[in-house]
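Okay, structure first, notes after.
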Amino acid sequence: MPTHLKPGDKAPSFSADTQEGKKVSLSDFEGKKNLALFFYVKDNTPGCTREARALRDATAEFDKRNTEIIGVSTNSAESHERFAANNELEFPLLADVEKKIAEDFGVLKTTGMAERATFLIDKEGKVRHVWPTVSITGHAADIIGKIDELGLA
């Protein structure tokens, strides 16, 4: 399911609990940091685990570029807590249990889970690039390359 969002669009506002029970919203980052908002299907599955670990391993590069990594799936905060602990994930994982964020970003599958997709959102809250499908291998490098190409660091 391709998202309806494209570069230049205002990112849909969102707010959800993380694996640590903190509320995180798009507005928390406006004027401060870029976001690499990645949607994934399910905690503790092989593909999603590889993707999350690859992003985790590139955290220092994202930090250098003033970009926060945030994961979103329709799993619960408790499930995210286990997933983060099992994989030493330091970035927020949003529990989109009501499926509103996935729906607003156009990545909600008919199964009720999020499609694997990533959105690069700048400090002004605008979508700068969309990966409607994600190749797990090299995805972190693709995002970092796009941040550099767009001069968002």
*Starting from residues that are among the small types (Gly, Ala, Ser) and assigned to a loop (DSSP other than H, G, I, E, B), keep the ones in the range 86-123 and report whichever is farthest from Ala153 (Cα to Cα).*
Gly112
*Of the numbered conditions (1) out of contact with any Ser or Thr (no Cβ under 9 Å at 6 or more places or on another chain); (2) closer than 29 Å to Asp148 by Cβ; (3) not in a strand (DSSP E or B), Glu78 fails exactly one; give the number of that condition.*
(2)
*Within the range 32-54, is there a residue that is more than 21 Å from Trp131 (Cβ to Cβ) and of a type in the set (S, T, N, Q)?*
yes
_Being out of contact with any helix residue (DSSP H, G or I) (no Cβ under 7 Å at 6 or more places or on another chain), within 24 Å of Leu152 (Cβ to Cβ) and buried (at least 17 other Cβ atoms within 10 Å of the Cβ) is the requirement here; does Glu68 meet it?_
yes
*Can you tell me which of Phe83, Phe62 is closer than 18 Å to Asp17 by Cβ, touching a strand residue (DSSP E or B) at 6+ places or on another chain (Cβ under 7 Å), aromatic (Phe, Trp, Tyr) and in a helix (DSSP H, G or I)?*
Phe83
_Between a residue in the range 127-139 that is on the phi < 0 side of the Ramachandran plot and surrounded by fewer than 19 Cβ atoms within 10 Å (Cβ to Cβ) and any residue that is at pLDDT below 80 and among the hydrophobic types (A, V, I, L, M, F, W, C), which pairs come within a Cβ distance under 9 Å, given they are 6 or more apart or on different chains?_
Pro132/Met1
*Looking only at the range 41-59, and only at residues there that are outside any helix (DSSP H, G or I) and touching a Phe, Trp or Tyr at 6+ places or on another chain (Cβ under 7 Å), the one that is surrounded by the most Cβ atoms within 10 Å (Cβ to Cβ)*: Asp43
*So, of the residues in the range 111-121 that are touching a residue at least 24 places away in the same chain (Cβ under 8 Å) and surrounded by fewer than 20 Cβ atoms within 10 Å (Cβ to Cβ), which turns out to be nearest to Phe62 (Cα to Cα)?*
Met113
*Might you let me know whether the range 6-29 holds any residue that is in contact with a strand residue (DSSP E or B) (Cβ under 6 Å, 6 or more places away or on another chain) and under 22 Å from Thr137 (Cα atoms)?*
no
_Of everything in the range 130-153, what is assigned to a loop (DSSP other than H, G, I, E, B), at pLDDT 95 or above and either under 13 Å from Phe119 (Cβ atoms) or touching a strand residue (DSSP E or B) at 6+ places or on another chain (Cβ under 6 Å) (or both)? Give them in sequence order._
Leu152
*Looking at Glu61, Glu98, Glu115, Glu124, which is the one that is touching a helix residue (DSSP H, G or I) at 6+ places or on another chain (Cβ under 7 Å) and not basic (Lys, Arg)?*
Glu61
*Out of all the residues in the range 1-40, which are modelled with pLDDT under 95 and within 15 Å of the chain's Cα centre (by Cα)?*
Thr3
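The values are calculated or read from the model by the stated rules, or taken from the named source; none is laboratory data. None of these values were measured; they are calculated from a predicted model. Cβ sites come from the backbone with ideal geometry, for glycine too, and all protein chains shown count toward neighbours.
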